[in-house]
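Below is a structure I'd like to ask you about.
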Amino acid sequence: MKILLNRSRAMQLQKLLTSKNSILCALLYVCGLVGILLFADMRVNQNTFVSENALLPGYVVTKYQQQNIASTLNRDFQSLSSRDAQQQWIEHQFRELGLEVHTHNFTVRRPLHGDQISGRNIYAVYRAPKIASTESIVFSTTLKTAQFAVPLMLSLCHLITKQTIWAKDVIFLVSEEEELGIGAWLQAYHDVNTLPYITSSPILTHSGAIQAALHLDMTDQTFDRLRMFVEAVNGQLPDIDLVVLVRQICRQERIPLLLRNGPHDIGDFLGNLLGLHANMAWQVDC
């Protein structure tokens, strides 16, 4: 304070900082890079933790024991030759499990292509038996590029409907046109018109406010690793508990987990650094 109150000393300090401006900028730039590198080092960075106790892997069953059901569903699904037959089969499977099943038709106008495309979404709602429908979580996939994810979702549906401990409703969404179909369904679900080039039918049944969504994309029947894309609205991040939960389960089951386009498993220094860089670059572009 004495230096700032003394005008002559303040001017001397200002001249010193101005004369050393390039050196100070370079020094601070290097300090920033070192700080980013430290974020990837687990020895100096506080490890992530699950703040919601109900999500801790030690409190719930993390074993996936629906392999036989998934194989049977996949065999039946892959034997269907037409898109209409696949959609009818999916609706039948949801109804067999006692879910509320509805379809949602939509049309997308593409001015740049001079045409329009139409599609149909299938969504099913599992109501949590012990709570009111105030919150929900969405499991989604698409028929166009994730043919093997549909049987996997249905096997998860078999698992979820056998439990009565859920604190949220679960919505299963099968879209026909990837993000366009999902965007049309979300627009109708929230009764907004943020995508004016999409017109769709109204949603016949609702659940609670959507807290999170997990999109399954599986282009092959077998895989040796998982790749996780963490996204949210306007460059924000979703609930970190869900991300940490997936990471802990993958470590427990010894499944390699990759974050976005990083070539290394999350956990070592290089993998953490590449994952950090990929997410920072993605948030800048959002």
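Within segment 183-199, which residues are out of contact with any Lys or Arg (no Cβ under 9 Å at 6 or more places or on another chain) and open to solvent by less than 50 Å² (accessible area, probe 1.4 Å)?
Gly183, Ala184, Trp185, Gln187, Ala188, Tyr189, Leu195
Considering segment 63-93 alone, what residues qualify as being open to solvent by 30 Å² or more (accessible area, probe 1.4 Å) and over 25 Å from Leu180 (Cα atoms)?
Listed by number, the residues that qualify are Lys63, Tyr64, Gln65, Gln67, Asn68, Ile69, Ser71, Thr72, Arg75, Asp76, Ser79.
Let me ask another. Within segment 88-118, count every residue that is at pLDDT below 90 and either basic (Lys, Arg) or more than 22 Å from Ile203 (Cβ to Cβ) (or both).
Number satisfying all stated conditions: 7.
Turning to a different aspect of this structure: Filter segment 206-226 down to residues that are open to solvent by 90 Å² or more (accessible area, probe 1.4 Å) and of a type in the set (A, V, I, L, M, F, W, C), then give me how many there are. Even if it seems obvious, please write down each step before you answer.
Taking segment 206-226 first, the residues open to solvent by 90 Å² or more (accessible area, probe 1.4 Å) are 211, 217, 219, 221-225.
Add one more test, that the residue is of a type in the set (A, V, I, L, M, F, W, C), and what stays is 223.
Counting residues in segment 206-226 that are open to solvent by 90 Å² or more (accessible area, probe 1.4 Å) and of a type in the set (A, V, I, L, M, F, W, C) gives 1.
Would you say His264 is at pLDDT below 75, surrounded by 15 or more Cβ atoms within 10 Å (Cβ to Cβ) and either within 20 Å of the chain's Cα centre (by Cα) or basic (Lys, Arg) (or both)? Spell out the reasoning first.
Numbers: at pLDDT below 75: yes; surrounded by 15 or more Cβ atoms within 10 Å (Cβ to Cβ): yes; either within 20 Å of the chain's Cα centre (by Cα) or basic (Lys, Arg) (or both): yes.
Yes: the conditions hold for His264.
Before we move on, is Thr141 of a type in the set (Val, Ile, Thr) and farther than 19 Å from Asn121 by Cβ?
no
Can you say whether Ala26 is over 26 Å from Phe172 (Cβ atoms) and modelled with pLDDT of 90 or more, as far as the supplied structure shows? Steps first, please.
Values: over 26 Å from Phe172 (Cβ atoms): yes; modelled with pLDDT of 90 or more: yes.
Criteria met by Ala26.
May I ask you to list the residues in segment 62-87 that are at pLDDT below 85 and in contact with a helix residue (DSSP H, G or I) (Cβ under 9 Å, 6 or more places away or on another chain)? Walk me through it before giving the result.
Taking segment 62-87 as the starting set, the residues that turn out to be at pLDDT below 85 are 62-67, 81.
Across segment 62-87, the qualifying residues are Thr62, Tyr64, Gln65, Gln66, Gln67.
A quick yes/no check of all residues on (1) open to solvent by 10 Å² or more (accessible area, probe 1.4 Å); (2) in contact with a strand residue (DSSP E or B) (Cβ under 9 Å, 6 or more places away or on another chain); (3) not in a loop (DSSP other than H, G, I, E, B):
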{"site": "Arg95", "(1), (2), (3)": "yes, yes, yes"}
{"site": "Arg109", "(1), (2), (3)": "yes, yes, yes"}
{"site": "Gln116", "(1), (2), (3)": "yes, yes, yes"}
{"site": "Ile122", "(1), (2), (3)": "no, yes, yes"}
{"site": "Pro129", "(1), (2), (3)": "yes, no, no"}
{"site": "Ser133", "(1), (2), (3)": "yes, yes, no"}
{"site": "Ser136", "(1), (2), (3)": "no, yes, yes"}
{"site": "Phe139", "(1), (2), (3)": "yes, yes, yes"}
{"site": "Thr145", "(1), (2), (3)": "yes, no, no"}
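Among the residues of segment 152-182, which ones are surrounded by fewer than 19 Cβ atoms within 10 Å (Cβ to Cβ) and either farther than 16 Å from Glu96 by Cα or among the polar types (S, T, N, Q) (or both)? Don't jump to the end; show me each part of the working.
The first filter runs over segment 152-182 and keeps only residues surrounded by fewer than 19 Cβ atoms within 10 Å (Cβ to Cβ), leaving 158-167, 178-179.
Correct list: Thr161, Gln163, Thr164, Ile165, Trp166, Ala167, Glu178, Glu179.
Here's a follow-up. Which ones in segment 156-186 are of a type in the set (A, V, I, L, M, F, W, C) and part of a loop (DSSP other than H, G, I, E, B)?
Just the residues of segment 156-186 that are of a type in the set (A, V, I, L, M, F, W, C), to begin with: 156-157, 159-160, 165-167, 170-174, 180, 182, 184-186.
Within segment 156-186, Ile165, Trp166, Ala167 qualify.
The values are calculated or read from the model by the stated rules, or taken from the named source; none is laboratory data. Bear in mind the structure is a predicted one, so any value in this text is a computation, not a measurement. All Cβ positions, glycine included, derive from the backbone under ideal geometry; neighbour counts span all protein chains shown. The protein model used for the area step is the full one, side chains on, heavy atoms only, and it has no ligands, DNA or RNA in it. Shrake-Rupley method; radii C 1.70, N 1.55, O 1.52, S 1.80 Å.
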